[in-house]
Amino acid sequence: MLSMSNVNAGELPELTFALPTIPASAGALVRGRKGRLLILKPTYKSGWTIPGGIVEIGESPWDACRRETREECGLEVTTGRLKCVDFRRPRPDRPGGMRFLFDCGVFDDAVLDTVVIQPLEIAESRVLPIDAALPLLSGPVRRRVRAAWKTKRVLYLEDGRPVGGVGP
């Protein structure tokens, strides 16, 4: 508590505090016909993921989703719908943060055949039926995609899981 005895009349005390820094990332559900999903195999970690990445300073989550999808697989995403916001708790080995997931629509096979991966970050891409794609995704991404795939509403998740008392 601030003691007013140390403050001269007419002066305001100097407050010092640090705002928390919460990293954010944005991902894209790029769907093919017949319930298929575009997934990517990163070069820098195990498992598969969806297009997406870190939101840069001054960038919106939607802008990051479109930029990362263009950079990682060469697709121009022009429309999207927010499907979920997922809070990841920090741990000693990772900072945690907010994950935004956008449904970027259904793409024709001819468009998905034009995917050009960025070889420094992405080793391979596949367009698989959702039931074949989900087991390949890492745990938090798999839970997020599974939850978002099934609903037409925007979800709030924590570590990829619904939170009791917070409805869709």
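Laid out as a table, the results:
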quantity: Single residue of region 41-53 satisfying the filter (touching a Gly at 6+ places or on another chain (Cβ under 9 Å) and of a type outside the set (D, E, K, R)) that is surrounded by the most Cβ atoms within 10 Å (Cβ to Cβ); calculated: Pro51
quantity: Matching residues, region 150-165, being in contact (Cβ under 8 Å) with a residue 24 or more places away in the chain, outside any loop (DSSP other than H, G, I, E, B) and out of contact with any Phe, Trp or Tyr (no Cβ under 9 Å at 6 or more places or on another chain); calculated: Leu155
quantity: Subset of region 47-80 [within 17 Å of Arg31 (Cβ to Cβ) and of a type in the set (A, V, I, L, M, F, W, C)]; calculated: Trp48, Ile50, Cys65, Cys73, Leu75, Val77
quantity: Cross-chain or 6+ apart pairs with Cβ under 7 Å, region 19-33 first and surrounded by 14 or more Cβ atoms within 10 Å (Cβ to Cβ), then polar (S, T, N, Q); calculated: Ala28/Thr69; Val30/Thr69
quantity: Within region 40-56, considering residues that are of a type in the set (A, V, I, L, M) and within 10 Å of the chain's Cα centre (by Cα), the one farthest from Pro23 (Cα to Cα); calculated: Ile50
quantity: Search result, residues across region 36-66 that are β-branched (Val, Ile, Thr) and either over 17 Å from Arg143 (Cα atoms) or part of a helix (DSSP H, G or I) (or both); calculated: Thr43, Ile54, Val55, Ile57
quantity: Looking only at region 96-134, and only at residues there that are out of contact with any Leu (no Cβ under 8 Å at 6 or more places or on another chain) and in a loop (DSSP other than H, G, I, E, B), the one that is nearest to Lys83 (Cα to Cα); calculated: Gly96
quantity: Hits in region 9-38 (condition: among the small types (Gly, Ala, Ser) and under 15 Å from the mean Cα position of the chain (by Cα)); calculated: Ala24, Ser25, Ala26, Gly27, Ala28
quantity: Check on Arg91, of a type in the set (Lys, Arg), loosely packed, with under 11 Cβ neighbours inside 10 Å and farther than 21 Å from Arg67 by Cβ; calculated: yes
quantity: Residue in region 143-157 that is within 15 Å of Arg31 (Cβ to Cβ), touching a Ser or Thr at 6+ places or on another chain (Cβ under 7 Å) and among the hydrophobic types (A, V, I, L, M, F, W, C) present; calculated: no
quantity: Boolean, Asp159 is over 16 Å from the mean Cα position of the chain (by Cα) and surrounded by fewer than 19 Cβ atoms within 10 Å (Cβ to Cβ); calculated: no
quantity: Search result, residues across region 135-149 that are without any contact (Cβ under 8 Å) to a residue 60 or more places away in the chain and surrounded by 12 or more Cβ atoms within 10 Å (Cβ to Cβ); calculated: Pro140, Arg142, Arg143, Arg146
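Read the figures in this text as sums done on the coordinates, not as results from a lab. Quantities reported herein were computed from a predicted structural model and do not represent experimental measurements. All Cβ positions, glycine included, derive from the backbone under ideal geometry; neighbour counts span all protein chains shown.
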